[in-house]
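The next block holds one structure in the form of structure tokens; read it before the comments.
Every number here is computed from the coordinates shown, using simple stated rules; none is lab data. Predicted model only: the values in this text are computed from it and were never measured. Note that we place each Cβ from the backbone using ideal geometry, even for glycine, and neighbour counts take in every protein chain shown.
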Amino acid sequence: MKNSIFNYTLPSLGKTLEENGFKKYSAKQIFNWIYEKNVLDFALMTNISKELKLFLNENFIINSLNMLVSEESHDGTIKLLFMLDDKRTIETVLMPQKYGQSVCITTQVGCKMACKFCASGLIKTERNLETHEMVLQILAINLLLKEKYKNDPDSPRARVSHVVVMGIGEPFDNFDNVWNFVNIINDDYGFNIGARHITVSTCGVVPKIKEFADLQSQVNLAISLHAPNNEIRNKLMPINKAYPVEKLMDAIKYYIQKTNRRITFEYILIEDVNDSEDNARELAKLVKGINGYVNLIPYNEVEENPFKRSTKIGQFFSVLRKLNVNAILRKEYGIDINAACGQLRAKREGIIKNEI
Ligand code: SAH
């Protein structure tokens with residue numbers, strides 16, 4: 001069966017070419033055509049031999065995602081809905097920022113983690129995305145930006161510069177594909193997105209945090225903490241029963257020791273669940289001495305659950321500040337098109353139903 005070319009990292013494509021009697025170097029040429037020039041047809045790759053073109057055509061496809069809908073928010077956020085080959089749908093969000101074009105990508109259809117407050121777990125079908133299905137989310141947005149900025153193609157806004165792996169899915173439950181994806185978008189011959197411009201967010205899969213630490217990459221790591229203790233976290237996030245807060249903190253310390261990178265703690269504020277001043281003090285104690293900062297996120301309400309957005313965000317924030325915790329309040333994007341954090345659900349009533 002033909003394999004998507006977008007499943008291949010540069011070294012793995014080089015190796016495959018070499019094993020079939022071609023030069024490893026041609027992988028760089030192919031990557032350059034695809035990722036830099038966006039030439040999506042082997043026949044048009046002029047510096048590639050006839051024999052290699054034949055081999056590529058026989059063994060690989062240059063596929064694309066089927067875009068069903070794109071919606072633009074008042075603040076410039078764009079949400080795209082894609083249909084995969086098996087008819088399942090995923091969403092990708094582009095958030096134009098002062099510092100560049102940031103994209104939030106999806107890593108799974110649905111999610112097994114079942115965090116009580118999150119809409120993603122409501123998608124009944126689940127599967128990992130293949131590497132190519134993640135790479136193609138970025139490519140689709142790059143093509144869109146290229147078109148949008150066709151009169152100014154050298155503008156830094158004409159391509160994706162930052163990626164957050166925070167869409168639907170738990171990236172550390174699809175570790176290998178996500179890691180291949182990261183390598184492809186980070187590669188100089190790929191999309192050339194700097195590791196420090198890529199952020200992977202996890203709900204706290206401890207063994208995978210350690211595995212990630214051992215890779216000693218410069219890619220940023222964010223932890224969805226959302227609670228200052230086991231009692232509250234157990235109620236919100238089933239993963240906490242397998243890997244309680246102490247184990248999570250140990251893994252984070254290990255990560256920092258291995259990589260010397262600063263960690264982000266994400267903390268959504270839910271009314272009367274995790275937003276009291278005591279909770280803030282407990283959180284301050286928990287993260288004290290750790291090289292990181294707390295990202296406070298206003299909770300986005302989800303119809304299917306009872307949680308409400310906190311009305312005490314300001315107080316919570318000042319308690320943390322008073323206790324010298326590095327904390328910021330995250331700005332929200334794409335509220336009017338349901339593209340805000342945690343609201344993706346890859347479903348469009350009336351257009352497609354992917355829930356079998
Ligand atoms: N599984 C990964 C990444 C996807 S979720 C993780 O848990 O980190 C991305 C972020 O959105 C997580 O911090 C998640 O807890 C948060 N989130 C989920 N539902 C939300 C909601 N309704 N409002 C605000 N944030 C939400």
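Cross-link pairs exceeding 26 Å between alpha carbons, from the set Lys124/Lys241; Lys247/Lys285; Lys15/Lys258; Lys124/Lys210: Lys15/Lys258; Lys124/Lys210. Between 0 and 90 degrees, rounded to the nearest ten: what's the tilt of helix 313-322 against the longest Cα principal axis of the chain? It is inclined by approximately 80 degrees.
Which percent, nearest 5, of DSSP beta bridges in the chain are antiparallel? So the antiparallel bridges amount to about 45 percent of the total.
For Leu54 and Lys112, what does the FRET efficiency come to when R0 = 45 Å and r is the distance between their Cβ atoms, rounded to the nearest 0.05? Please list the in-between numbers first.
Details: r = 42 Å, r/R0 = 0.94.
Calculated transfer efficiency: 0.60.
Taken over the alpha carbons of the range 180-275 as equal point scatterers, the Debye sum produces base-10 log I(q)/I(0) values at 0.11, 0.20, 0.21, 0.22 Å⁻¹ of -0.36, -0.95, -1.01, -1.07. Using the Cα coordinates of the range 128-173, the gyration tensor eigenvalues translate into equivalent-ellipsoid semi-axes of 26, 11, 7 Å, sorted from longest to shortest.
Convex hull over the alpha-carbon atoms of the chain: what's its volume per residue in Å³?
On the way: hull volume 51.8 nm³, N = 356.
That works out to 146 Å³ per residue.
Expressed as an acute angle from 0 to 90° and rounded to the nearest 10, what is the orientation of the C-alpha long axis of helix 50-59 relative to the principal long axis of the chain? Result, in degrees: 50. Selection among Trp179, Ile223, Leu44 by position relative to the dipole of the chain gives Ile223 as farthest towards the positive end (Cβ unit charges, Cα centre). Cut-off under 22 Å on the C-alpha distance; same-chain residues fewer than 8 positions from Lys98 excluded. Which lysines are left, in chain and number order? Within reach: Lys79, Lys146, Lys148, Lys150, Lys331. Only the Cβ atoms of Lys and Arg (+1) and of Asp and Glu (-1) were treated as charged; on that basis the dipole of the chain about its Cα centre amounts to roughly 680 debye.
Each Lys and Arg Cβ is given +1 and each Asp and Glu Cβ -1; about its Cα centre, the range 116-169 then shows a dipole of about 160 debye.
What separates the Cα centres of the range 7-60 and the range 149-228 is a distance of 25 Å. Kirkwood analysis of the range 3-61, using all unique Cα-Cα pairs, places the hydrodynamic radius at 11.2 Å.
Unpaired Cys in the chain, meaning no second Cys C-beta under 4.7 Å: Cys104, Cys111, Cys203, Cys341. Across the range 50-75, the residues whose backbone nitrogen lies under 20 Å from the label position 7 Å along the beta-carbon direction of Val39 are 50-64. Along the charge dipole of the chain, Cβ charges K/R +1 and D/E -1, which of Ser201, Phe317, Thr107 sits furthest on the positive end? Looking along the dipole axis, the top candidate is Phe317.
Among the trypsin sites (Lys or Arg not before Pro) in the range 105-185, which ones are in a DSSP loop with at most 11 other Cβ atoms within 10 Å of the Cβ? Mind listing them? Spell out each step's value before the answer.
Numbers: sites: Lys112, Lys116, Lys124, Arg127, Lys146, Lys148, Lys150, Arg157, Arg159; in loops: Lys112, Lys116, Lys124, Lys150, Arg159.
Hits after loop and neighbour filter: Lys124, Lys150.
Where does the range 232-356 land on the Kirkwood hydrodynamic radius, alpha-carbon pairs, in angstrom? Provide the component values of the computation, followed by the final result.
Values: mean 1/r = 0.0610 Å⁻¹.
With all distinct Cα pairs of the range 232-356 included, I get 16.4 Å.
Each of Leu144, Pro11, Ala339 was scored by the projection of its Cα onto the charge dipole of the chain, and the greatest displacement toward the positive side belongs to Pro11; charges sit on the C-beta of Lys, Arg, Asp and Glu. Once divided by 2.2 N^0.38 Å, the Cα radius of gyration of the range 41-142 becomes 1.35.
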